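The values are calculated or read from the model by the stated rules, or taken from the named source; none is laboratory data. The model shown is predicted, which means the values in this text are computed figures rather than measured ones. Here Cβ is always computed from backbone atoms with ideal geometry, including for glycine, and neighbour counts include all displayed protein chains.
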């Protein structure tokens, strides 16, 4: 079983990652140092092919190159192979004992890199500036998003929301209480990419018996409800996968309780999905939590704010495309400077360390 997700992304709150949470819960980590996504991906892809037949794998994708891997996690062995630049680990706590490093820098042709130094520095400078522009656009989009939320919040019936949330808790957890501490992991179900928003919702929930599709509007209590369910699960000792919003990482988009066979997630844009099979159901917070008719009363304001939001996210996506272009130029120089035989040796060292 392969589970696909993201652990880092460009959001309205900056570049935000959950690698610290992952690493804290692992027994062993192999960091790949001195490489870049397009250079490390083939070795990680080879690892997944070697291990997928007999291990559950967490395949962590890069949000700028969403078809390429930046980490592979093997949960049942509590270990991972990670591109160190994505994890931003500044020092090793237990070198060799719990953490190992493979340094790709030894495989580069220094003279070729030196000849292209100006191009590399300019590309890196452009990338850093473009990231700041993308983050600014997402931040502005988030401001419009919050204005939409303010409209709907005025019509939110807190008592009804609490009652319906309590009913949902009962239907999910019943009397289940496990005699252990809950395991909690934090991830993204999707991300903003150069091709627009993408998500792995259906992939992550493919083997979950009961899927609850949350429908509603901004500000109608979806994330708050999910946070309450997470707290309830922790209190009951139930392992929980917490999936944060790729636009606002402080907000939640999905939680999965695999021990109970239940997943509940925000199924509205930009990760809009509809029930597809037996066991799927809709939980509409707009109908259940909201009084009045804010859609009708504030139609013009809502449409204007949403249009501004879309314009800002469209511009942010354009900056991500430019980042992808500059990053590919940057990495192409390093790929030209890298000895192919060296990377074959890296792949073999990864295989031996994991010992699939």
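Of note:
- The criterion of at least 2 residues that are without any contact (Cβ under 8 Å) to a residue 40 or more places away in the chain, surrounded by 20 or more Cβ atoms within 10 Å (Cβ to Cβ) and in the same structural domain as residue 285 (by TED's automatic domain parsing) is met by the following strands (runs of 3 or more DSSP E) wholly inside the range 161-273: 252-257.
- Among the residues listed as 309, 286, the single one being modelled with pLDDT under 95, surrounded by 13 or more Cβ atoms within 10 Å (Cβ to Cβ) and on the phi < 0 side of the Ramachandran plot: 286
- Candidate set from the range 321-353 (those that are in contact with a strand residue (DSSP E or B) (Cβ under 7 Å, 6 or more places away or on another chain) and in a helix (DSSP H, G or I)); member that is nearest to residue 194 (Cα to Cα): 334
- Restricted to strands (runs of 3 or more DSSP E) entirely inside the range 1-70, those with at least 1 residues that are crowded, with 22+ Cβ neighbours inside 10 Å and more than 11 Å from the chain's Cα centre (by Cα) are 28-33.
- Of the residues making up the range 297-348, those that are more than 28 Å from the chain's Cα centre (by Cα) and farther than 30 Å from residue 140 by Cβ are 333, 336, 337, 338, 339, 340, 341, 342, 344, 345, 348.
- The range 1-22: number of residues that are in contact (Cβ under 8 Å) with a residue 60 or more places away in the chain and under 13 Å from residue 58 (Cβ atoms): 10
- Exclusive hit being part of a helix (DSSP H, G or I) and not assigned by TED's automatic domain parsing to the domain that holds residue 211, set 318, 287: 318
- Candidates in the range 123-160 are the residues that are touching a strand residue (DSSP E or B) at 6+ places or on another chain (Cβ under 8 Å) and outside any helix (DSSP H, G or I); of these, the one that is surrounded by the most Cβ atoms within 10 Å (Cβ to Cβ) is 156.
- Every condition in (1) at pLDDT below 95; (2) closer than 29 Å to residue 63 by Cα holds for residue 293 except the one numbered (2).
- Taking first residues from the range 91-102 that are in the same structural domain as residue 30 (by TED's automatic domain parsing) and partners that are assigned to a strand (DSSP E or B), the Cβ contacts under 6 Å between residues at least 6 apart in sequence or on separate chains come to 92/99; 98/28; 99/29; 100/30; 101/31; 101/33; 102/32.
- Residues in the range 103-123 that are in contact with a helix residue (DSSP H, G or I) (Cβ under 8 Å, 6 or more places away or on another chain) and over 30 Å from residue 348 (Cβ atoms): 119, 123.
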